[in-house]
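Can you keep this structure in mind? I'll have questions shortly.
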Amino acid sequence: MNNNIKNEIDNLRELIRRYDHEYYVLNNSTINDFDYDLLFKKLEQLEKENPGLISPDSPTQRIGSDLTKKFNSVKHEFPMLSLANTYNEGELFEFDRRVRENLPAGEIVNYVVELKIDGASVSLTYSGGKLVKAATRGDGESGEEITANVRTIRSVPLKLREVEGGYDLSRIEVRGEIFMDLESFRKMNEERAASGEKTFANPRNSAAGTLKLQDPRIVASRNLDIFVYYLLSNSGQLQKHSENLEILEKLGFKVNPLHKLCTSMDEVIKFCAEMDELREKLPYEIDGTVIKVDSLSQQKTLGSIARSPRWAVAYKFKAKVAQTKLLKVTWQVGRTGALTPVAELEPVFLGGSTISRATLHNMDEIRRKDLKTGDTVFIEKGGDVIPKVTGVVPDTRMGNESEISEPENCPVCDSRLNKPEDEVALYCENPVCGAKIKGSLIHFASRGAMDIEGLGESLINMFADLGYLRTSADIYKLRDKAEELIDIERMGEKSIANILNAIEISKEKPFDKVLFALGIRYVGAGAAKKLANHFRSIDILMNASEEEIEAVPEIGPSISRSIKEFFSNPLNIEIIDSLRNSALNFKLGEPDQMEKKLFDGLTFVLTGTLSGMTREKARDEIERFGGTVVSSVSKKTNYVIAGESAGSKLDKALQLGVEVLNENQFLALLGEKL
Ligand code: IVH
């Protein structure tokens, strides 16, 4: 093996690790995206050319392509305990009293106060400085192994940084909380709602749900993050929790900076109050603080009872609650035609803002909470800024409240509503309902789809009301109406020119964004990307059978059915044809020079039956990237792609030690490059 290449690969990895650490852990990047991408592509290329040098701790190896069939159960070396809760100052003093009672009289006790991050706890095991295992808490005794998913989280180091003073890294366990920040949570839910997918109730559920996905590639796209708060090691070098937090930081972990070493209970209480104040402004959810005895030997003396340590306690913040009147319930019609009830409230100030509306999700929720118009209700705001109606204030009914009933007709177009058998929501089925049209247009132009700057909700509503926009295809015809648009009240020549320009620029958007923008029910941004990479053009997707569509990893029957339904509607075909005439991308572009070279000089053998594509298609793809397909396996073969019932060629590959990829791995190899 060429030593120079090995060195080059090692240097690139170190460099990329450093930039990743700066960007994802320290929030302080010193390289621009373009230069970073160049380094990354260079490393990918060298590894492709030298597959023997690929190692699991390389920054290129975060996202595996194997689907997890079943999460294995793993026993925790030390149980993952939970915390007892306290809710007020008195209970905190009580905790402090118990701590002192169980320690030798007169010993000084210091506490570290940290934020209680509202996510999913995880245990990370490092061996020889490399991440070897990640597990969920489970029942505290054993959890599920989720290593492939956790590896995709960019703030989780795959390889630890060297610490001065020769810290013993032979085997350490680190615990922390995986979470989704509020911005990512909102964006993900918006996209899911826009594509008719179920939304997550809160960031905690979305983090926990994401960690249990079978496809690490989807996990990677979800922007999970971590704060670590616990270091277990057998090195005997540890004395204080506060020092451990410093070591964790030096090893490259993300430790929440909002923690404090307190030498008195007064300090503890003051810091907890400060954090409660700060809570609204944090970009992630917390549900309290955690107070921990700093000395590790004191922790040991204190031990634990009933699954909770005696040396730590959670202090839970009170939810911010207000009372107000439910004036009425209005019904909002979404892009898919689904109706959502919205509580119109007497404006009330709560947790930093005035609230006058809150979503009620669906009729079941209204019934469950027994809400009536005119009721006095509790409004609650968690760490998240989305307010909830939690229930009726007892003993406030006057007798003049009125039942809330579901509408029979669409509040926007007045057509009769329909309730599908297995759904809770009512639907407006009128394809030309104004609300659905506007919703589809807003989705089409939105940031995650065609990203047409300046063409937001209010402008779309106005253009639709004036008859300029009926379908997304009309957006690209606005140019012909420039003169008329300039005459519209308050719209200057300059702003129209800017919007028309943004519309032109959007034509460059790649196929997967266009596919997402079409607004096919259940086809979110992630699914659109997968479908685009797999089928490569809208014509192939249009002609694919439901089975062929479901052969794409993570694409299930509801998506495939919805796609077939979408393409069977002549109105949609008309829109697509018109968009095509406006030169939007309905197929993937050719790979660029850099990508073309990715399979350069590599030979592949195809064997067995591929389920998602024909052999011919697989061959085309390999050749597009500069690779060659040969018919028999030899020592010189770089990859064998093995489908169902692969036979002697697979045996030969295994015998010769040639790398074998299954269909999913092959697709991922292609997908990641497209
Ligand atoms: S310490 C024995 N520190 O809260 C120590 N936990 O109710 C146990 N959590 O399962 C954990 N932030 O998922 C600790 N700074 C923090 C935390 C934290 C969030 C979660 C964790 C734990 C749960 C306990």
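The values are calculated or read from the model by the stated rules, or taken from the named source; none is laboratory data. These numbers come from a predicted model, not from an experiment. All Cβ positions, even for glycine, are placed from backbone atoms using ideal geometry, and neighbour counts span all protein chains on display.
With respect to SER562, is the statement that it is surrounded by 14 or more Cβ atoms within 10 Å (Cβ to Cβ) and assigned to a helix (DSSP H, G or I) true?
Criteria met by SER562.
Those residues that are in contact with a strand residue (DSSP E or B) (Cβ under 8 Å, 6 or more places away or on another chain), part of a loop (DSSP other than H, G, I, E, B) and of a type in the set (D, E, K, R), I need them from region 407-422; list them, please.
Once the filter is applied, which keeps residues that are in contact with a strand residue (DSSP E or B) (Cβ under 8 Å, 6 or more places away or on another chain), part of a loop (DSSP other than H, G, I, E, B) and of a type in the set (D, E, K, R), region 407-422 yields GLU408, LYS419.
Can you pull out every residue in region 509-544 that is within 19 Å of the chain's Cα centre (by Cα) and of a type in the set (D, E, K, R)?
Answer for region 509-544, where residues must be within 19 Å of the chain's Cα centre (by Cα) and of a type in the set (D, E, K, R): ASP512, LYS513, LYS529, LYS530.
Scan the helices (runs of 4 or more DSSP H) fully inside region 441-542 and keep the ones with 3 or more residues being touching a residue at least 24 places away in the same chain (Cβ under 8 Å).
Those helices (runs of 4 or more DSSP H) span 457-465, 493-506, 511-517, 525-535.
Would you please name the residue that is farthest from PHE516 (Cα to Cα), looking only at residues in region 188-198 that are out of contact with any Ser or Thr (no Cβ under 8 Å at 6 or more places or on another chain) and surrounded by 17 or more Cβ atoms within 10 Å (Cβ to Cβ)?
Looking at the filtered set, the residue picked out is GLU197.
I'm checking my understanding of the structure. Among residues of region 266-322 that are among the small types (Gly, Ala, Ser) and farther than 26 Å from ASP139 by Cβ, which one is surrounded by the most Cβ atoms within 10 Å (Cβ to Cβ)?
For region 266-322, the residue satisfying everything is SER295.
Oh, and also: Has region 577-590 got any residue that is within 24 Å of PRO216 (Cβ to Cβ) and either modelled with pLDDT under 90 or in contact with a helix residue (DSSP H, G or I) (Cβ under 8 Å, 6 or more places away or on another chain) (or both)?
yes
Then there is this: Among the residues of region 21-60, count how many are in a helix (DSSP H, G or I) and surrounded by 14 or more Cβ atoms within 10 Å (Cβ to Cβ).
Residues meeting the conditions: 20.
Yes/no per residue for (1) among the polar types (S, T, N, Q); (2) at pLDDT 95 or above; (3) under 30 Å from THR301 (Cβ atoms):
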position	(1), (2), (3)
THR125	yes, yes, yes
ALA135	no, yes, yes
GLU141	no, no, yes
ILE146	no, yes, no
PRO157	no, yes, no
ARG161	no, no, no
TYR167	no, no, yes
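Determine, yes or no, whether GLY627 is within 24 Å of ALA532 (Cα to Cα) and either crowded, with 21+ Cβ neighbours inside 10 Å or in contact with a helix residue (DSSP H, G or I) (Cβ under 7 Å, 6 or more places away or on another chain) (or both).
So GLY627 does not fit the description; no.
Out of (1) crowded, with 17+ Cβ neighbours inside 10 Å; (2) within 24 Å of PRO553 (Cβ to Cβ), the odd one out for GLU644 is which?
Single failed check for GLU644: (1).
Within region 186-212, take every residue that is within 16 Å of the ligand (Cβ to nearest atom) and out of contact with any Leu (no Cβ under 8 Å at 6 or more places or on another chain) and give me the one that is farthest from VAL333 (Cα to Cα).
LYS212
Restricting to region 29-63, and then to whatever is aliphatic (A, V, I, L, M), in contact (Cβ under 8 Å) with a residue 24 or more places away in the chain and out of contact with any Ser or Thr (no Cβ under 8 Å at 6 or more places or on another chain), can you tell me which residue is farthest from the ligand (Cβ to nearest atom)?
Out of the qualifying residues, it is LEU46.
Turning to a different aspect of this structure: Taking region 536-554, which residues are of a type in the set (S, T, N, Q) and over 18 Å from ASP620 (Cα atoms)?
ASN543, SER545
Right, something else. Report the residue count in region 95-127 for those that are without any contact (Cβ under 8 Å) to a residue 24 or more places away in the chain and charged (D, E, K, R).
The total comes to 3.
Of all residues in region 31-54, which are of a type in the set (S, T, N, Q) and at pLDDT below 90?
Once the filter is applied, which keeps residues that are of a type in the set (S, T, N, Q) and at pLDDT below 90, region 31-54 yields only ASN32.
Return yes or no: is GLU183 of a type in the set (D, E, K, R), surrounded by fewer than 16 Cβ atoms within 10 Å (Cβ to Cβ), more than 18 Å from ILE218 (Cβ to Cβ) and within 16 Å of the ligand (Cβ to nearest atom)?
Against the criterion (of a type in the set (D, E, K, R), surrounded by fewer than 16 Cβ atoms within 10 Å (Cβ to Cβ), more than 18 Å from ILE218 (Cβ to Cβ) and within 16 Å of the ligand (Cβ to nearest atom)), GLU183 does not qualify.
Now a separate question. Show me the helices (runs of 4 or more DSSP H) entirely contained within region 607-674 in which 2 or more residues are in contact with a Leu (Cβ under 7 Å, 6 or more places away or on another chain).
615-624, 663-673
Report yes if GLU483 is of a type in the set (D, E, K, R) and farther than 30 Å from SER537 by Cα, otherwise no.
Yes.
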